[in-house]
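Worksheet for the structure shown next.
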Amino acid sequence: MPRLYLSLGSRGSEPLFEKIAGQCESYMEQKCYLETDDKPFLPEKIKSRLSDCDALVVVIGKDPPELRDLKNSDNKFILSERVRFEIISAINLNLLIVPLLLDHAILPESRNVPGALKHLLESKTYRLREAFWFEDLHLTLEDIEEELDFKKDVEAKLLKPYKFNFESRNDLAGQSPKIGKLGIDSYGPTGLGRLIDSENLILAEAQRRGDRAGEKDALSSLGLAYAWLGQTQRAIQFFLKQLEIVHEIGNINEKCALLANLGDAFAISGNTQRAKTYYQDQLSLAKSGDHRDHVGSAWNGLGFVYVKQDQVLKGIECYKNALAVCRELENHEKELELLVGIGLNYQKQGNLSQAIQFLELALPAARYLENRKEEARVLVDLGDIFYQAGNPERADFYLTRAEELLNILDGPWVDSIRKRLKKLREPLNDSEK
């Protein structure tokens, strides 16, 4: 499960900050790292902790923040030098950055913010109402988990399309491979550094000889290596150069895979408009060659982009198209993921009947895959939605089924779901009195 680094960005919010941290640890089933202004500012320790995390969450209280050049800042300023250092480090580590505002806290306009702090203002902002902080936090964590899952899926996809064949490259790379083909994930950070050095030599030699196929392979290797290292912008540069050659000598399947990689990489970097362009190109090309797996992949990418651009209904339609392809290809894991995602997006839109329809379809899909965790989550989601829809009897039905399932399961995630279920039970119990 993801690990969060929680930073207290304003004084006076410590009590709620501690509660937030406790719920984050319960939901994510991971110990969170916590930083507050009462601790010494130790840059190396902060950097080390961030390197062990997936996201930086900056919690900002209701006092209006003052942001300026923070070289000489003191604790009266909401975002201290510590927070600025955390943000810069998170950017370098390619972490998800999440501003979490309490009640009526506000962030200033970007023109008033120096340097890397602008990145905080450009990140997706979440808000917790103090009176309903538990419910708001749960929805926030769901969204953060969804973003991190997407990022992880993309990073995995970036590694799949190509393999490195060193048999023909021994002389240039100085390698004596024991295996003919090695994947990028066979290397640690040090090995990847050596790989990048050798691939740069191979690239230069291929360019000198006019070997476009060799140049294409080297660019692919370099792009994937930098993607694995989390340096997405560098990866994009190599993928774009590779795309120029693939247009000349590549086949449709190779072009589709590379367009998907570029869409995913731009999506990770936050440039959803560029990501959409590459997903659309992938979709058009995949349809022309009837490559159904790439058609589904492109629709899924477009769905993510539209949702992130707050065009949720368009996103849902794209996800539905991806769902149809998954069913055709009998990709049951992806089918379950899409059914749940469509249902929860309908819930966010307030279309509870459609949310119920898709989540009820997700239940047998989860049982077929014997995915008890997702089954329990869907049962609780349905209980929540039926309560919102004014049907407490049906809500009780699904929550009872969730309780029965959780009673025969174990694991840290069970406690997290059980706590949410208990919270949803409270208004139902009150209505029965």
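Readers should treat all values here as calculations from the given coordinates under stated rules, not as data from a laboratory. Here the structure is a predicted model, which is why all the values come from computation and not from measurement. Glycine also receives a Cβ, built like all others from the backbone with ideal geometry; neighbour counts cover every protein chain displayed.
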Next item on the list: Name the residues whose placed amide hydrogens come within less than 5 Å of the amide hydrogen of SER10, ignoring near sequence neighbours (fewer than 5 apart) on the same chain.
Entry: GLY61
Check: Using a simple spin-label model with points 7 Å from Cα along the Cα→Cβ vector, what separation in nm is obtained for GLU330 and SER48?
Finding: 5.2
Item checked: R0 of 22 Å, Cβ-Cβ distance GLN30-LEU229: FRET efficiency to nearest 0.05 -> 0.45
Check: When the Cα centres of region 214-233 and region 1-61 are compared, how far apart do they sit, in Å?
Finding: 33
Next item on the list: Pop out the ³J(HN,Hα) list for region 10-19 in order, Karplus 6.51 cos²θ - 1.76 cosθ + 1.60 with θ = phi - 60°, rounded to Hz; leave Gly and Pro as x.
Entry: 8, 7, x, 10, 4, x, 5, 4, 5, 5
Notebook entry, point to check: Spin-label point model (7 Å from Cα, Cβ direction): what's the GLU426 to LEU121 distance in nm?
Noted result: 3.7
Notebook entry, point to check: Considering amide H positions built from the backbone, and no H for Pro or chain starts, which residues 5 or more places from ARG127, or on another chain, come under 5 Å of its amide H?
Noted result: LEU101
Margin query: Taking 25 Å as R0, compute the FRET efficiency from the Cβ-Cβ separation of ASP103 and LEU352 and round it to 0.05.
Written below: 0.40
